[in-house]
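Some notes on the structure that comes next.
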Amino acid sequence: MTQKAVFYHAGCTICLDAERQIAHALDPSRYAVEIVHLGADRSRIPEAEAAGVVSVPALVIGGAPLHINFGASLSDVKGVA
């Protein structure tokens, strides 16, 4: 049985590098990875916030947000100063 993992990012260089190095490195027999580009699908921002994501890139596995490096805060993604 696979566990769901959600990789949130905003499309920046740091986020895309993390997607290539982290999200795609997860064993597909163990994790069903969904990639969510918050810059392109802003309707998913509340979902990311509810999962505990405060900056991107972030990977949520088993309800735990894992923040990877720092590309942008969710405030920046939302356009909130």
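The values are calculated or read from the model by the stated rules, or taken from the named source; none is laboratory data. No experiment lies behind these values; they were computed from the predicted model shown. So basically every Cβ, Gly included, is an ideal-geometry build from the backbone, and we count neighbours across all protein chains shown. Heavy atoms of the whole protein, side chains included, go into the accessibility calculation; ligands, DNA and RNA do not. Shrake-Rupley method; radii C 1.70, N 1.55, O 1.52, S 1.80 Å.
The order of 9, 24, 67 by accessible area, most exposed first and with a 1.4 Å probe, is 24, 67, 9. The gain in end-to-end length when the residue 76 to residue 54 segment is fully stretched comes to 6.9 nm, 0.36 nm per residue minus the alpha carbon separation.
Here the chain carries DSSP beta bridges of which approximately 60% are antiparallel, counting only pairs with both residues inside. For residue 30, the solvent-accessible surface computed with a 1.4 Å probe is close to 140 Å², ligands and nucleic acids excluded. Accessible surface calculations at 1.4 Å, restricted to protein heavy atoms, place region 20-76 at 55 Å² per residue. Taking the Cα of residue 4, stepping 7 Å toward and past its beta carbon, and measuring to each backbone N in region 38-81: which are under 13 Å? Residues 47-48, 51, 60-64 qualify, since their backbone N sits under 13 Å from the label point.
Atom-type composition of the exposed protein surface of the chain places 55 percent of the accessible area on carbon and sulfur (1.4 angstrom probe). Extents of the chain, largest first, come to 41, 24, 19 Å (Cα atoms, principal axes, whole angstrom).
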